[in-house]
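Remarks on the structure that follows.
The values are calculated or read from the model by the stated rules, or taken from the named source; none is laboratory data. Note that the structure is predicted; figures quoted are calculated from it, not measured. For neighbour counting, all protein chains shown are included, and Cβ atoms are generated from backbone atoms with ideal geometry for every residue, glycine included. For the accessible areas, the whole protein counts, side chains as well, though only heavy atoms, and no ligand, DNA or RNA atoms are used. Shrake-Rupley method; radii C 1.70, N 1.55, O 1.52, S 1.80 Å.
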Amino acid sequence: MAKNPIKYALVDAFTEKPFKGNPAAVCMLEDEDKRDDGWFIRVAAEFNAPITCFLTPIRHDNDAYNDSESDHCFNIRWFTSIVEVNLCGHGTLAAAEYLFTCGLVKSEKIEFVTPSGINLTVKKIPSCRNEDTLGISKVLNNGYNGVEYPLDAHSDQEDFSIEMDFPINALHECDPEDIPNIPLTLSGVSVLNVKKTVPLGDVLVSTNFFLFARIEVSSGQSVIDLKPNFNELQERKGRERAICITGKAPEGSGFDFVSRVFAPTIGVLEDQACGSCHCALTPYWGKKLGKTDLRSYMASPRGGVFDLHLDE
């Protein structure tokens, strides 16, 4: 048995219901520098969640991180079962949920320092389910906190939401050779345009599900009904990290756009509720619809809801 057991939690992000949204494992470490990348990948494979994130406190003035209100800074890393990723929205949300709910930070704000040099700010705010301006590029998590607590953890069951401030990821035109050839996955669906993001290498595919008829089934249901061919998607290994298929939500649905994300090349067949893809989707749909506050639905089998605010 390990002398220093690792504290961990399993969290469902971007959902109000158990067993929905996107699951992530959160591990609290004290000696990250003593472990090689192979150890992180093996632990992530053991959890077998889409993402496992690892936290280490950044000390200030030699005070224990849980004894000082000024200590709310953490290094964060995200791993799938086969690779490390540069940015993960649902893993960051899960980590913040764990830290706030278990009382490991006394501040209303957490600063995450990432290996890619992107520093992320996360805030705890009173629950505001019906407010017009919620949170991505700021992403908000309302309701169900979905934490399986370690034995020594505690929760005061405070009702709050989490706002994450994420960077905008600009979209770029694709060269013809960059356009994904996935006819079995799209299965005859007409493509409106294709763009890509850098440096993450995600590909955004915007379909015209919604253009021919503005009725409910013509958009959201079309995205939901996609039957991805994972063999076809796997063959694109090395060309892009993930493929995002998106379309405008139907009138009356309560959403502005609907999306699905597939990333089998990094060990995630379908990303159930992807936060990082909204760094590109938010400015894309914000410009297209002329809005700064949007709501999106991730139409995966588990589903995910995003309240978004664009601040350029």
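Annotations
- For Glu270, distant residues with modelled amide H under 5 Å away: Ala263
- Surface listing: Leu55, Leu10 arranged by accessible area from highest to lowest gives Leu10, Leu55, probe 1.4 Å.
- Area accessible to solvent at Val113, 1.4 Å probe radius, in Å²: 50
- Each of Pro301, Val191, Ile266 was scored by the projection of its Cα onto the charge dipole of the range 171-309, and the greatest displacement toward the positive side belongs to Pro301; charges sit on the C-beta of Lys, Arg, Asp and Glu.
- Beta bridges by DSSP in the range 7-124, antiparallel share as percent, to the nearest 5: 70
- Computed FRET value (nearest 0.05) for Asn48 with Glu173, which takes r as the C-beta separation and R₀ as 45 Å: 0.75
- Solvent-accessible area, 1.4 Å probe, carbon plus sulfur percent, for the range 7-124: 46
- Whole-number accessible area per residue in Å² for the range 7-124, which is evaluated in the context of all protein chains at 1.4 Å: 42
- Local electrostatic count at Glu84 - Lys and Arg +1, Asp and Glu -1, tallied over other residues with Cβ under 9 Å: 0
- The range 171-309 - percent of accessible surface contributed by carbon and sulfur, probe 1.4 Å: 52
- Solvent exposure of the range 171-309 as accessible area per residue, Å², 1.4 Å probe: 44
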